[in-house]
Amino acid sequence: MHYESDELKPKLLWIQGVTCNGNTHSFFNLSYLPQLLAKYEIIYHPSLEGTYSFEDISKCVGGCDVLIFEGSFDPLMKRNDVLVSTVLLHFSKSAKYVIALGSCASFGGMLKACAPERNSGLIFNESTLQGPLISMQDKIINLSGCPIHPEWLGYTLSMIANDQRVHTDELHRPLELYSHLAHHGCARNEYFEWKVDAKAFGLKEGCLFYVQGCRGPMTHAICNKVLWNEVSSKTRSGTPCFGCTEPDFPRTHLFQTKTNMSIPEDVPLGVPKRSYLTLSGIAKTFHIKRLEEKLFDNKTTD
Amino acid sequence: MITKQLIDQIEGEASIYFEMKKDKVDFATIAFPHFRGMESILKAKPALDALVITPRVCGICGHAHLMASVRAIESAYANANKSVHLSAKAENIRELTLVLEMIQNHFKWIYLVIMPELAKLTNSKRTLTPLKGAYAASIATKALALFAGQWPHSSYMLPGGVTCDVTHLERIKAQGYIDELIAFFQKESFGIDLETFLSYTSCGELATLNSDIGCIEKELIQMGMHQKGFAHDRYISMGEHRFTTKAKVSQTRHSSIDDKYVTTENAFCPSATSFAKNALYKDSYYETGPLARAMASNISMIKNIHRRYKDSAYSRVIARIYETAQLLDHAKTLVSNLSLDDDSLSTPLPIEEISSHGVGIVEAPRGPLMHRISIRQGLIQEYEIITPTQWNIGSSSYQNPTPAQKAMTGARSKEEALFIFRSFDVCSVCTTH
C-alpha cells in the first residue's frame, strides 16, 4: 500500500457492538497515537472526529480499508435504528482487514452474557467457529484481551499501514502478540520455579498460581513483556491474571485457584500433568529460606 | 412536532426528542437505546468476581466501579459484624488511583468534547487538538497503573486493602508522572501555574488567561452560556473522600443525606424505548458531578461563579475544569505523603462465611456512583448499580423535568441544547449498565 498523500491514506472505520468502550480508552494510552493516526483517514470513530457522522455511516454507502469492530456482536442490536449487523456486513465487504477488537468482539467475552443465546464474536462463539463474518474469516484479525493493550492494536495497524503481513494463530490472533504467555516476564517467576505460593494478597513475594487464581501460565498474552501503561501488569501489582485473552473469559471464582487435593486443576500450558506434579512435589520439599522470607521490609527504607 | 437527534461521542449513544415552540426548545425527552444487564450477569456469581465484572461496566470510569464494588462488599462484612480493617496506606492508594481516573476523564472531556463542540457552536476556525486530551490522560493512567497494574479494567482492590505492595520506587515514579501532568496543565491548559490558578476566587480572573482554558471561558461567554442551561439549583454529593464533602445543597443551603432515600424510576420517553432509569433522592432530582461537589465543599471560586451565574452551563463547565486543577493538587499531596509502612491488605474472613448486604458509594468523575449488594454464603443474590448520569440525564415529564431536561428547555436551537446536554459530561454505557 505505502500511502503518502492524504487522499491515498487507508480508510479506517471503527464501529461498536455491545461494549463498555474499554478498548477505545485503552487505545488512547498509546504513546505513538498521533503518529499512528496520521497514517490513516478515520472515516468514523465513536470518540474522535471522523470524515463522516454515524448517521452517514449507517446509510451503508462507500467502503473502508480497515474495519475495527469493538464489542460483542448482537444480531438484534441497532445503532441509529439500523442493525449493527447490516453496517458490519456492508463495510466488511470492502475492507482488506477486519479487526475484532477485544475479547467481546473476538469470542463474545464479558458481554456475551448480556444475551448468551445470541451474542458472539465476529467469527468465534467462545472457541467455536461461529459468527456473522464466518464467510470472510481470512481477513479477520482477532485482538483478544479485556481490554486490548494499546500496543497490540498499535502493532496491528502499523503492520497493515506498512503493507506487512500479520501472521496469526488458529484463533486468528497475531503470533507476535499471542505466542508468549502472561507468565513470561512475570516478576514472580522465581517463586513459581520453586513452588512458593503467596501467603496472602497484598505482598510482592510469592506466586499467585497456587492459591490466588492466577492464569498466567495458561494464558496467551504479552502483558509481562510489553507492560501495561508502559509501567506494570496485573501480576506485578499483586493481582492474578484472569486469562482475559482466552475464549473462556470470564471464568468464575477469579481470585481462587481450583484445586484437586491441593493440586491446581489446570497446569501450565503444554506441560503433562504427571511431569508437573513430579517436579512440584520435589520443589516443595526444598524449603528455600530466601524465598520464604520477605524480600525486604518497606519500613527499613525510611 | 417532535424531532429526533442522535447523539454519539458520549461513551455510547442516546437520542433526544425535541419539541420546539417559537424556535425554542420547549421540552425534550432522552432515550438510551442499549441495555446490557450487568446486574443480572452478577447474580449468583462469587461476590469477589464483582471486582472483575463491574469495572467492565464502563471503559472510562471502571476504576470508580471497582471502588464502589469493594466498598459494597466491605460494607456487607461490616453489616455482618465482621468489619474489615483498612490501613491508612490502602485508603490513600485507593483515593489516589480514583482521583487519577477522574483527572484522565476530565482531560478527555476538555479536549475531546468541550473544545471541539465549542468550536462548532462558535464557528471558530481554531485548530482542534483532541489528542492533547488523550496524551494527558495517558500520563494520569501511567501513574495509576503503577499501583493498580493497568488502566482500564484493573481489579487491584480487594476487601481489606489493595493487592499491590508498592515500594518507594513506584511512589517516586508516580510523583514524576503527576509533576509532568501538572507541568502539561500549566503550559498547555492554563497558561499559569497551578497554585496561582487555585488561588483565584473570581471568574473575572479566568478571562485574562491566554490559554486553552481562557479560550473555553471566552467562547462560553460569547455563546451566552452563563445565561442558559440552568437546572434545579439542587446538588448532591454522596461519596466519602478527602477531596469533597458528602451533602445535598439546595441553592446554597446544605443538609445531610442518608443513602437509604436514593431510589430509581423508569425513564419517561414516549417517542422511543429507553432502558434508562432516573435516580432520585426523596423523590426529587439533583444535579451531580464537579459543580455539585464544589457547592457541597464550598469552593470559593465556584461559589463566586454560582452567585453570578447560578447553575448555568458556564458554571458546570468551569466547575469541571477547576476540579481538574484541584484534583491534580490533591494527587500531588497524596503521593508525596504516601507512607508505605502499613500492610497493603489485611486478609478478612473468607467471603463464603458472609451472608449480608452492603452499600458502596464513591464519587466518580460525573458524581455519586452507588453499588448495593446482597450476599449469601459468599454468592451474590442481588446487585444494584446507580450511576451519576442517571441523576443528571434522567428523562421525565414536562411538569417534573430532570436536571438535563430543565437545562435544555429554552435553548434557542438544537445545537445550543446539545451543548448544554454535553456540559453534564454524559456517560451512556454507565446509564444503561
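The values are calculated or read from the model by the stated rules, or taken from the named source; none is laboratory data. Everything numeric in this text was worked out from a predicted model, so none of it was measured. Here the Cβ positions follow ideal geometry from the backbone for every residue, glycine too, while neighbour counts run over all protein chains shown. Heads up: the accessible areas ignore ligands, DNA and RNA and are worked out on the full protein's heavy atoms, side chains in. Shrake-Rupley method; radii C 1.70, N 1.55, O 1.52, S 1.80 Å.
Post the alpha-carbon centroid distance, the stretch A:173-200 to the stretch B:349-419, in whole angstrom. The stretch A:173-200 and the stretch B:349-419 have Cα centres spaced 39 Å from each other.
Kindly flag which residue pairs out of B:LYS218/B:LYS414; B:LYS187/B:LYS414; A:LYS112/B:LYS277 have an alpha-carbon separation exceeding 25 Å in this structure. The pairs that break the limit, which is 25 Å between Cα atoms, are B:LYS187/B:LYS414.
Which of the lysines could a cross-linker span from A:LYS11 if the Cα-Cα distance has to be under 27 Å and same-chain partners fewer than 8 positions apart are dropped? Correct list for A:LYS11: A:LYS39, A:LYS59, A:LYS78, A:LYS93, A:LYS96, A:LYS139, B:LYS108, B:LYS120, B:LYS125, B:LYS132.
Could you tell me which residue out of B:PHE32, B:CYS61, B:SER138 lies farthest along the dipole of chain B toward its positive end? Charges go on the beta carbon: Lys and Arg +1, Asp and Glu -1, centred on the Cα centre. Of the options given, the answer is B:PHE32. Of the residues B:LYS125, B:LYS406, B:LYS332, the one that moves most in a GNM of chain B with alpha-carbon contacts below 10 Å is B:LYS125.
Using a probe of 1.4 angstrom and keeping all protein chains present, the accessible surface of chain A works out to 41 square angstrom per residue.
Here the spin labels are modelled as points 7 Å beyond Cα on the Cα-Cβ line, and at B:THR264 and A:ILE282 they lie 5.7 nm apart.
Largest first, the residues B:CYS427, A:CYS60 sort by 1.4 Å accessible area into A:CYS60, B:CYS427.
Which value results when the Cα radius of gyration for the stretch B:337-386 is divided by 2.2 N^0.38 Å?
Numbers: Rg = 14.8 Å, N = 50, 2.2 N^0.38 = 9.7 Å.
With N residues counted in the stretch B:337-386, Rg over 2.2 N^0.38 Å equals 1.52.
Panel note: the C-alpha atoms of the stretch B:369-433, placed on their principal axes, show extents of 56, 24, 13 Å (largest first).
Inter-label distance, B:LYS82 to B:THR196: 5.6 nm, where each label sits 7 Å from its Cα along the C-beta direction. Between the C-alpha center of the stretch B:101-155 and that of the stretch A:244-302 there is a gap of 39 Å.
Kirkwood hydrodynamic radius for the protein assembly as shown: how many Å is it when counted over pairs of different Cα atoms?
26.2 Å is the Kirkwood radius here.
For chain A, the fraction of C-alpha pairs farther apart than 26 angstrom is 49 percent.
Ligands, DNA and RNA aside, B:TYR398 has an accessible area near 120 Å² when probed at 1.4 Å. Per residue, the Cα convex hull of the stretch B:297-374 amounts to 137 Å³.
Under the convention that each Lys and Arg Cβ holds +1 and each Asp and Glu Cβ holds -1, the size of the dipole of the stretch B:1-133 around its Cα centre is about 220 debye.
Accessible area per residue was computed with a 1.4 Å probe on protein heavy atoms; B:SER199 scores about 80 Å². Per residue, the Cα convex hull of the stretch A:31-71 amounts to 96 Å³.
The amide H of B:SER413, built 1.01 Å from its N in the peptide plane, has B:VAL25 as neighbours under 5 Å, considering only residues 5 or more places off or on other chains.
Take A:GLU49: with every protein chain present and a 1.4 Å probe, its accessible area is about 100 Å². Counting Cα-Cα pairs of the stretch A:149-302 in 5 Å increments starting at 0 gives whole-percent bin shares of 2, 8, 16, 20, 19, 14, 9, 6, 4, 2, 1.
Only Lys, Arg, Asp and Glu count, each charged at its Cβ (+1, +1, -1, -1), so figure out the dipole size of the stretch B:34-77 about its Cα centre, rounded to 20 debye.
With only Lys, Arg, Asp and Glu charged at Cβ, the dipole is about 100 debye.
For chain A, the cysteines with no partner cysteine C-beta closer than 4.7 Å are A:CYS20, A:CYS60, A:CYS64, A:CYS104, A:CYS114, A:CYS186, A:CYS207, A:CYS214, A:CYS223, A:CYS241.
A loss of 50 Å² or more of accessible area (1.4 Å probe, protein heavy atoms, ligands and nucleic acids excluded) relative to the isolated chain is seen in these residues of the stretch A:15-32: A:CYS20, A:HIS25, A:PHE28, A:ASN29.
Taking the helices alone, chain B has a mean residue ellipticity at 222 nm of -12000 deg cm²/dmol, built from -39,500 (n - 2.57) per DSSP H run of at least 4 residues and averaged over all its residues. For chain A, the 222 nm mean residue ellipticity estimated from helices alone, with every DSSP H stretch of n ≥ 4 adding -39500 (n - 2.57) and the total spread over all residues, rounds to -5500 deg cm²/dmol.
Using only the alpha carbon atoms of chain B, find the Kirkwood hydrodynamic radius as the inverse mean reciprocal pair distance, in angstroms to one decimal.
One decimal place: 21.9 Å for the Kirkwood radius.
The Rg/Rh ratio of the stretch B:1-147, with both radii computed over alpha carbons and Rh defined as the Kirkwood radius, is 1.09. Taken over the stretch A:211-285, the percentage of Cα pairs per 5 Å bin, counting from 0 up to the bin with the maximum distance, is 3, 14, 22, 23, 19, 13, 5, 1. The calculated FRET efficiency for the pair A:TYR32 and A:ASP297, based on their C-beta separation and a Förster distance of 41 Å, comes to about 0.55. The calculated P(r) of the stretch B:207-281, using every Cα pair and 10 Å bins from 0, goes 15, 25, 30, 27, 4 in percent.
Structural size metrics of the stretch B:279-417, computed from C-alpha coordinates, are Rg and Dmax of 19.8, 59 Å.
What is the dipole size for the protein assembly as shown, taken about its Cα centre, with +1 at each Lys and Arg Cβ and -1 at each Asp and Glu Cβ, in debye to the nearest 20?
In total the dipole reaches around 820 debye.
Each residue of the stretch B:302-319 was assigned a 3J(HN,Hα) from its phi angle through the Karplus curve 6.51 cos²θ - 1.76 cosθ + 1.60 (θ = phi - 60°); the sequence is 6, 4, 5, 4, 4, 4, 7, 10, 6, 9, 6, 4, 4, 4, 5, 5, 5, 4 Hz, with glycine and proline shown as x. If R0 equals 45 Å, the separation of the Cβ atoms of A:LYS199 and A:ASN162 corresponds to a calculated FRET efficiency of about 0.40. The base-10 log of I(q)/I(0) for the stretch A:109-161, evaluated at q = 0.16, 0.26, 0.29 Å⁻¹, reads -0.57, -1.06, -1.12 [Debye formula, identical scatterers on Cα atoms, solvent excluded]. Take the Cβ-Cβ distance between A:ASP169 and B:ARG308 as r, set R0 to 56 Å, and report the resulting FRET efficiency rounded to the nearest 0.05. E between A:ASP169 and B:ARG308, to the nearest 0.05, is 0.35.
Within chain A, the selection of entire DSSP H helices by a Cα span of 20 Å or greater along the long axis and an average Kyte-Doolittle value of at least 1.6 returns an empty list.
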